[in-house]
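K.L.:
Handing you this structure, nothing more for now.
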Amino acid sequence: MEHIKNFWAAKPQYKEVEYADQRDKTFVVTGGLSGVGMECARLLLKKRARVVIVGRNKDFARDLLSELARDIPEGEAAFVELDLADLESVKKGGQEIARHYPVIHGVVLNAGTMAPPYAKTKQGHEIHWGTNVMGHHLLMKYLEPSVLRAAHDSPPGTVRIVWVAASSSTLIPGLEGSIRFNTNNEDEKKPPHVLYNMSKTGNAYEAYLWSKFHPHSGVSSVSMDPGNLSTNLTRHSGGLVHRFKDYVLYPAKFGAYTELAALLSPTIKDGDHLVPWGVPGTLRHDVDEARRGPKGEEMWIELERDTQAFFQPEEVH
Ligand SMILES: NC(=O)c1ccc[n+]([C@@H]2O[C@H](COP(=O)([O-])OP(=O)(O)OC[C@H]3O[C@@H](n4cnc5c(N)ncnc54)[C@H](OP(=O)(O)O)[C@@H]3O)[C@@H](O)[C@H]2O)c1
């Protein structure tokens, strides 16, 4: 239902003009080399922030950084190479970010893959789960000290972690909590969109679980649905969908307005879920219930177990 409603979302209300100057603040945006993430990075740079773009295409990043420096000199963009589908690469990139950015005021966990041909990550986890959920889970473990340091010196709730979910998690009928994980869907060759939707539901679980397992952190951890947007996400969805996307879907920048609201709007609280274009919304009732109960806890424990071997933080001086 949410997915259908998103085709007729009201005009964006939270645009760049609403937000204060972000000079001296550092934000991390995963998947910031394209689509919604790139638009979010641009909006933050225009507010004079320092933005660490996380992605896996070094050559493209070099060109983008030159373009950003030329077009938005008031901001400061940097790039860290990191492949979320390889926990060894997440470790290396996570260590690099922690080393260079000891204070981080906001993280947008935006990168995502949707419906490629069935594949597994480097460590053998189903590709959607491994990339969208597990890769981000491990990355957040590396970013945690920097985020907690920022929260320590900032007004409560203003340091944020934004988990980019989707309305599509509501499209899995008959599955209580909209998710089924056991050994990361390893041998369950479900249709790719079901695997994608479960991973996006996983992102919504994580938003709640992060705060549950970091009580009194002062950080607001929120989930959001960026809307129905014309981006490269549909690259594996067949020619027709990809060809007509610009006629039926909204521009990527609209999704970035929701990310910006999740990051900066003063009315957002820990545990909120935002919908297009940056307004408070609700998750499907059973999804919200399940993430608060044993199913959510089980998911967190599994993610901790599966990423543990790759979590080797360096000492930051
Ligand atoms: N577009 C929509 O209508 C829509 C709707 C609901 C939710 N979302 C969510 O919004 C977020 C942004 O997607 P988008 O629409 O902007 O699509 P997009 O342009 O395809 O952006 C996704 C980004 O994620 C990156 N990524 C994918 N796999 C990665 C990996 N293994 N390691 C590092 N980065 C990786 C991609 O990099 P590469 O180019 O290297 O693959 C790309 O930069 C996603 O989480 C998506 O699930 C989008």
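Rule-based calculations on the coordinates, nothing more; no lab input. Just so we're clear, the structure is a prediction, and the values are computed from it rather than from any experiment. Ideal geometry is used to build each Cβ from the backbone, glycine not excepted, and the neighbour counts take in all protein chains shown.
K.L.:
Take LYS92 and ALA10, extend 7 Å from each Cα along the Cα→Cβ direction, and tell me the distance between the two endpoints in nm.
P.N.:
That separation, rounded to one decimal, is 4.8 nm.
K.L.:
Cross-link candidates for LYS122: which lysines have Cα within less than 23 Å, leaving aside residues fewer than 8 places away along the same chain?
P.N.:
Leaving aside lysines fewer than 8 places away in the same chain, those within reach of LYS122 are LYS58, LYS91, LYS92, LYS141, LYS189, LYS190, LYS200.
K.L.:
Further question: Calculate the spin-label point distance for THR282 paired with HIS193, positioning each point 7 Å from the Cα along the beta-carbon direction, and give it in nanometres.
P.N.:
2.6
K.L.:
Expressed as cubic angstrom per residue, what is the convex hull volume of the alpha carbon set of region 88-155?
P.N.:
Working: hull volume 5.3 nm³, N = 68.
Hull volume normalised by residue count: 78 Å³.
K.L.:
Further question: Please get the size of the charge dipole for the chain, origin at its Cα centre, with Cβ charges of +1 on Lys and Arg and -1 on Asp and Glu, quoted in debye to the nearest 20.
P.N.:
In debye, rounded to 20, the chain gives about 620.
K.L.:
If you don't mind, another one. Going toward the positive end of the dipole of region 2-308, with +1 on Lys and Arg Cβ and -1 on Asp and Glu Cβ, which of GLY135, ALA252, LEU274 do you reach last?
P.N.:
Towards the positive end, the residue furthest out is ALA252.
K.L.:
Quick check: residue separation of PHE311 and GLU67 times 0.36 nm, minus the Cα distance between them. What number comes out in nm?
P.N.:
On the way: separation 244, 0.36 × 244 = 87.84 nm, distance 3.40 nm.
Stretched out fully, the PHE311 to GLU67 stretch lengthens by 84.4 nm.
K.L.:
With a 10 Å Cβ neighbour count serving as the proxy for reagent exposure, in which order, fewest first, do TRP300, TRP129 appear? The partial results should precede the final answer.
P.N.:
Working: TRP300 18, TRP129 24.
Fewest-to-most Cβ neighbours within 10 Å comes out as TRP300, TRP129.
K.L.:
Calculate, in nm to one decimal, what ASP21 and THR267 gain on full extension: separation in residues at 0.36 nm each, minus their alpha carbon distance. Can you show the working numbers first?
P.N.:
Values: separation 246, 0.36 × 246 = 88.56 nm, distance 1.70 nm.
Result for the pair: 86.9 nm of gain on full extension.
K.L.:
Quick one: check the C-alpha center-to-center distance for region 267-306 versus region 72-145, whole angstrom.
P.N.:
Between the Cα centre of region 267-306 and that of region 72-145, the gap is 20 Å.
K.L.:
At a 10 angstrom cut-off on C-beta neighbours, averaged per residue, how do the peptides 33-42, 50-59 rank from highest to lowest?
P.N.:
Details: 33-42: 24.5, 50-59: 19.7.
Descending mean neighbour count gives 33-42, 50-59.
K.L.:
Still on this structure: Using only the Cα atoms of the chain, what are the Rg and Dmax in Å?
P.N.:
17.9, 53
K.L.:
Using the 10 angstrom Cβ neighbour count as an exposure proxy, how do MET198, MET140 rank, fewest first?
P.N.:
Working: MET198 26, MET140 23.
In increasing order of surrounding Cβ atoms, one gets MET140, MET198.
K.L.:
Further question on the same structure: On each of the three principal axes of the Cα atoms of region 1-120, give max minus min coordinate, whole Å, ordered largest first.
P.N.:
Extents along the principal axes, in whole Å: 42, 41, 26.
K.L.:
Placing +1 on the Cβ of each Lys and Arg and -1 on the Cβ of each Asp and Glu in region 2-308, which of TYR101, ALA204, GLY227 has its Cα farthest towards the positive end of the resulting dipole?
P.N.:
The Cα lying farthest towards the positive end belongs to GLY227.
K.L.:
Just need the relative contact order of the chain here, percent rounded to a whole number, with Cα pairs under 8 Å and 6+ apart. Don't jump to the answer; show the numbers that get you there.
P.N.:
Values: 637 pairs, mean separation 66.9, N = 317.
Relative CO of the chain lands at 21 percent.
K.L.:
Find how much the distance from LYS46 to LYS58 grows on full extension, using 0.36 nm per residue of separation minus their present alpha carbon separation; answer in nm with one decimal.
P.N.:
On the way: separation 12, 0.36 × 12 = 4.32 nm, distance 2.30 nm.
Between LYS46 and LYS58, full extension yields an extra 2.0 nm.
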